[in-house]
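The values are calculated or read from the model by the stated rules, or taken from the named source; none is laboratory data. Not measured: the values here are computed from a predicted model. Heads up, the Cβs are rebuilt from the backbone with ideal geometry, glycines too, and the neighbour counts pull from every protein chain shown.
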Amino acid sequence: MTRHSISVRRSNAHSENLMCHRERMLAVSRVTSFSEWLLRQAFIWGGLACLAFYALVVRSAPEGEFIQRYFAGHPVAYCTTALFFVGLAALTIKFLGLCLQYATLDSVQLPTAATRGETLEDVPNLLKSLSSISVTLQDSYLVRRLRDALQYIQLKGSADSLEPQLRLQEENDLAKMHHGYAMVRIILSTIPILGFLGTVIGITLAIGKMDLAGEAMEKSLAAVVSGLSVAFDTTALALSLSTVLLFAKFCVERIEIRLLSDVETNSSRQLIGRFQQYGTENDPYLASVCRMSEQLLKAVDDGMNKQTLLLQESLDNNSRQWSDILANTASTVDEALSGAVVEGLTHHAEALNKGVKDFTGDLEEMLVRLAEVLNEGLVHHAADLAKNMDSHRQGFTDAEKELAKENRLHLAEVEAAVEEAMLIATTRQEKLIEKSEVMLNEMQVALIESAGSTVAQQEQLLKQGDVLLKIVEATGQIKHLEDTLNSNLNSLAGAHGFRETAAALSAALQVIGARLGQPVSLTNDPELKQTQSKNHAA
């Protein structure tokens, strides 16, 4: 009894130490999370930056200079500058976070998938691998996208609709990104309002200090100008700072949109096609049958494990109770009785041990029978599943046979139509060939006739050309002789030897006439006779 109480006290002390350690760890985690939350607040960093700007830059600037005039001319300028630094700090924090995500985008990788594809049992291991990534990256876009997709697959029990879920997550991230710039948009709207408020205050001060009575008007002119300068300076400062903040917001927003696009590409590359998909267009019920079979096997396995655990616990409890009873009985009997009673207690303990052994044997037999019943149910269910699969496969086989038969019929019809079309085309082609041969023969005859007439015409033309050439040559010779004759006649007109000259000329003309085929004589020429008579008279 003393040992049992000591062990109970030790277990209680150990549990109390564990509880204290858990409470301390919880407190430390709360402090750490609160510190991280404070470090992410733009108000703190913006306020510190504003104080540093006024302490280092504005305070060291000379009085009346540009910085003093615009940043320290009125309380509205202080508020405008503070809001600007808060918005700039928010954009800077977001920009640094985006740079960190860009730098670690390729390092966030799931384990290599198996060749046959992964199943639902592998999803917890994938989630565990994501949990092992550093805490700073747990809230990044890529890790959150992968974790949400894996949890969706685990919850639904299938990866068939993974792509629509990824598109939905992308839209949700875009919406979260838009909401993340809410404070910056509010600051961008507030800064111009503060500038207009400074304008109103400056104009109000100028109107309040204006005095239109005589010489006082000249004295109040400086105060009026001072109020108007406050109005214009606050407006110019607000518009300038809001413009700078607007461009910074645009740049950071473009970077975040590009990061979301890269995250979508990376997550799709790691998840799409990674898991096994049973459903197809030809057999959409196969996935349901497989999932039901897996769920049934898992339920049977879980039931057997639970039953085994319950039986083991009951056996342990019974053994512990019997051991406690035996220990208590033995200690009580040992303290109350002595000597002779020990033998009876020994027999009693043996009987109790025998009863415990018998009870244990009965329990073991019960477990064996229960396991046999479960195995028989599992075998029967597997046989039913195999039978259903065979009938399903036989239906597909019959459908494929009918489809093949219809295809053969259609193919025979198509072949007959093609043969008929080819026969018609062949007949038409033969007729066209015959017609073309007749036309070619007629054209050949016409060409031969035209060629013969052309050859005859060419021969006639050649003959006429030869005659013309001869006539041209004779005409040239006659012309030359006439010129020679005229020159000779002119030269010999007054000479005494005209008769000899005429005889020579007559001989020359006879030679020419012989060549031309006509006799030529000077005796028949009346002019020559008249000339000869004149010569004789002379």
task = Could you list all residues from segment 107-151 that are of a type in the set (Asp, Glu), within 25 Å of GLY180 (Cα to Cα) and in contact (Cβ under 8 Å) with a residue 24 or more places away in the chain?
result = none
message = Which pairs turn up if I take residues in segment 267-279 that are in the same structural domain as ALA149 (by TED's automatic domain parsing) and at pLDDT 85 or above and look for partners that are surrounded by 13 or more Cβ atoms within 10 Å (Cβ to Cβ) and of a type in the set (Lys, Arg) with beta carbon separation below 9 Å, at least 6 apart in sequence or on another chain?
response = SER267/ARG145
key: Candidates ILE201, ILE193, ILE207, ILE187 - the one that is out of contact with any Leu (no Cβ under 6 Å at 6 or more places or on another chain), part of a helix (DSSP H, G or I) and crowded, with 17+ Cβ neighbours inside 10 Å   = ILE201
message = What's the number of the only condition in (1) exposed (fewer than 11 other Cβ atoms within 10 Å of the Cβ); (2) at pLDDT 70 or above that GLY377 fails to meet?
response = (1)
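Can you pull out every residue in segment 246-274 that is outside any helix (DSSP H, G or I) and over 21 Å from the mean Cα position of the chain (by Cα)? Don't jump to the end; show me each part of the working.
Step one: of segment 246-274, the residues outside any helix (DSSP H, G or I) are 272-274.
Listed by number, the list is empty, since nothing qualifies.
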message = Being of a type in the set (Val, Ile, Thr) and either touching a residue at least 60 places away in the same chain (Cβ under 8 Å) or within 15 Å of ASN305 (Cα to Cα) (or both) is the filter here; which residues of segment 369-383 pass it?
response = VAL373
